[in-house]
Amino acid sequence: MRDALAAARTSLTSLPGLGTVLAAKLLGHVGDISRFPAEHHFADYVGSAPLDAFSGKRVRHRPNTEGNRALHSPTARGRRPC
């Protein structure tokens, strides 16, 4: 896996909490990151973008359970609660 990451010339493993396995999984599922026009498109694809939850005048955010199911769980461990 390390050789494949080196061949892809990625800096994913330099991010805190992102090891070799998760970086390879992200590259395998996502492929070319430039296909996403903006950050929020990528967050929607992965399922890490929080969703608004309205209750009367109160606006809260809840975790997104949609998106790429294979990437949702590993990336959910790295993000902070809403």
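With respect to the chain, whose longest principal axis is taken over its alpha-carbon atoms, helix 20-30 is tilted by about 70°. Computed with a 1.4 Å probe over protein heavy atoms only, the accessible area of L15 comes to about 90 Å². Of the three principal axes defined by the Cα atoms of the chain, the extents in descending order read 53, 24, 19 Å. Over region 5-47, the Kirkwood radius and the radius of gyration, each from Cα atoms, give a ratio Rg/Rh of 0.96.
Dipole of region 1-69 computed with +1 at Lys/Arg Cβ and -1 at Asp/Glu Cβ about the Cα centre; of A38, F54, S11, farthest Cα towards the positive end is F54. Amide hydrogen proximity for S48: with H placed 1.01 Å from N in the peptide plane, no residue at 5 or more positions away or on another chain lies under 5 Å.
Under the 0.36 nm per residue contour assumption, what length would be gained going from the current alpha-carbon distance of R35 and V59 to full extension? Provide the component values of the computation, followed by the final result.
Details: separation 24, 0.36 × 24 = 8.64 nm, distance 3.14 nm.
Between R35 and V59, full extension yields an extra 5.5 nm.
Residues in region 61-66 carry Karplus couplings, in order, of 10, 10, x, 7, 9, 9 Hz; the curve used is 6.51 cos²θ - 1.76 cosθ + 1.60 with θ = phi - 60°, and Gly or Pro positions show x. Using the average count of surrounding beta-carbon atoms within 10 Å as a protection proxy, the listed peptides 30-38, 54-62 rank, highest first, as 30-38, 54-62.
The values are calculated or read from the model by the stated rules, or taken from the named source; none is laboratory data. Only a predicted model underlies this, so the values are computations on that prediction, with no experimental measurement involved. Neighbour counts are summed over all protein chains in view; Cβ atoms, including those assigned to glycine, are modelled from backbone coordinates with ideal geometry. Note: accessible area is taken over every heavy atom of the protein model, side chains too, but ligands, DNA and RNA are not part of it. Shrake-Rupley method; radii C 1.70, N 1.55, O 1.52, S 1.80 Å.
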